[in-house]
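Worksheet for the structure shown next.
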Amino acid sequence: MKNIAVLGSTGSIGTQTLDIVRNNTDELKIKVLAAGSNVELIEKQIREFKPEIAVLYNAEKANELKIKIADTGVKVLSGMDGMIEAATFDDVDTVVTSMVGMIGIKPTIAAIKAGKNIALANKETLVTAGHIIMPLIKEHKVSLLPVDSEHSAIFQSMNGENRKRISKILLTASGGPFRGKSYEELKNVTLEDALKHPNWAMGQKITVDSATLVNKGLEVMEAAWLFDVDVSMIQVVVHPQSVIHSMVEYEDTAVIAQLGCPDMRLPIQYALFYPDRRFLDAKKLDFFEMKSLTFEKPDMDTFKGLKFAMEAAEFGGSMPTVFNASNEEAVAMFLNKKIGFLDIYRIIEESMNRHTIISNPDIDTVLSVERDTREFIRKSFNKG
């Protein structure tokens, strides 16, 4: 029996992780559930999965939850201390880190130091602190398995191969809902337009990131850390059908790819059961139904999220933190309809331009840079 902690249990990845557990109760057991503030959903999850610990980051909501589940005997915690206690709980083998944003970094570090294996769905952890996380993984001899569909595909395409012979990583992107639109056409797109992803069912923040191509930029930075390659070895390929989830090219010109229908449960289940493959009740590819698979270069002049991400990666140091924090803040404003779609790019660019890079920042410096970036944006842009 593998004992699981799910950090971010009420989000898109978290709920799909619980679906995997629900269908594999012979081998998976939920010990910890943690989320931000969704009392109603986490209560339902607690009553179904009967964890030993439940955490809501929001202290007020945690008190509300404590009252609602008083009959269950489940221990309720709150805040960052609660998240860290959840991530390091003795009975847990694997921690699924699917909290959105920088909130996931400290619990992930604590889990690694406690000897827990990590199923990683929190991009910000490696984007801003990869130089801290990856050495810790080696030091504590734990596994770090990617949950993102693209990184899982890359990981699968490297299985059994000599990684020293990798020539290039081909990271696929759907292109999002605005693929093919000009910069002028993006001036008038709405929040509702941005949330209509053509292939994937995801949370609102990551769906907007897909529309701006920021998400693909974050994935490039994450892939560089996960697979120990230079950013220059990663090529983004727009593949609208989202059938090929990513590819790896080797020195002998062979390209190995992982294909499948768009379904996040596959990479989640693969991370939880690796190296085994279990039955998944999901749609299978029918090659006779597919008319064609197409590929395009990303338009980085229009979709500047990818361009800014590549620049942040090249600068290194604290700049990826500025890129990530400014995007998080801008997307939150866009979701609240306080700014337009293209303002996201403007906020990211101005935040990066004002920043003086700090080389090799420790975790306190990373979090300080994040706070400073957010404060700058709130003072400069948040007028409504």
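Of the residues in segment 212-268, how many are part of a loop (DSSP other than H, G, I, E, B), under 14 Å from THR172 (Cβ atoms) and polar (S, T, N, Q)?
2
What residue, among those in segment 299-324 that are among the aliphatic types (A, V, I, L, M) and over 17 Å from ALA224 (Cβ atoms), is nearest to the chain's Cα centre (by Cα)?
VAL322
Could you tell me which numbered condition ASP263 fails, if it satisfies all but one of (1) in contact (Cβ under 8 Å) with a residue 24 or more places away in the chain; (2) surrounded by fewer than 22 Cβ atoms within 10 Å (Cβ to Cβ)?
Among (1) in contact (Cβ under 8 Å) with a residue 24 or more places away in the chain; (2) surrounded by fewer than 22 Cβ atoms within 10 Å (Cβ to Cβ), ASP263 violates only (1).
Among the residues of segment 43-60, which ones are under 13 Å from LYS75 (Cα atoms), touching a strand residue (DSSP E or B) at 6+ places or on another chain (Cβ under 7 Å) and not small (Gly, Ala, Ser)?
Those that are under 13 Å from LYS75 (Cα atoms), touching a strand residue (DSSP E or B) at 6+ places or on another chain (Cβ under 7 Å) and not small (Gly, Ala, Ser): ILE46, PRO51, GLU52, ILE53, VAL55, LEU56.
Among (1) modelled with pLDDT of 95 or more; (2) part of a helix (DSSP H, G or I), which single condition is VAL95 missing?
Going through the list (1) modelled with pLDDT of 95 or more; (2) part of a helix (DSSP H, G or I), VAL95 breaks only (2).
With VAL127, VAL147 as the choices, which residue is open to solvent by less than 30 Å² (accessible area, probe 1.4 Å), of a type outside the set (Asp, Glu), under 19 Å from MET264 (Cβ atoms) and in contact (Cβ under 8 Å) with a residue 24 or more places away in the chain?
Unique residue meeting the criteria: VAL147.
Report, by residue number, each residue of segment 38-47 that is surrounded by fewer than 17 Cβ atoms within 10 Å (Cβ to Cβ) and either under 18 Å from ALA87 (Cβ atoms) or free of Cβ contacts under 8 Å to residues at least 12 places away in the same chain (or both).
GLU40, LYS44
Checking the conditions here, which among PHE341, PHE308, PHE323 is outside any helix (DSSP H, G or I) and either of a type outside the set (A, V, I, L, M, F, W, C) or at pLDDT 95 or above (or both)?
PHE341
Scan ILE30, ILE69 and give me the residue that is within 24 Å of MET1 (Cβ to Cβ) and either of a type in the set (Phe, Trp, Tyr) or crowded, with 21+ Cβ neighbours inside 10 Å (or both).
Testing whether each residue is within 24 Å of MET1 (Cβ to Cβ) and either of a type in the set (Phe, Trp, Tyr) or crowded, with 21+ Cβ neighbours inside 10 Å (or both) leaves just ILE30.
The values are calculated or read from the model by the stated rules, or taken from the named source; none is laboratory data. Note that this is a predicted model, so its numbers are computed, not measured. For neighbour counting, all protein chains shown are included, and Cβ atoms are generated from backbone atoms with ideal geometry for every residue, glycine included. Please note that ligands, DNA and RNA were not included when accessible areas were found on the heavy atoms of the full protein model with its side chains. Shrake-Rupley method; radii C 1.70, N 1.55, O 1.52, S 1.80 Å.
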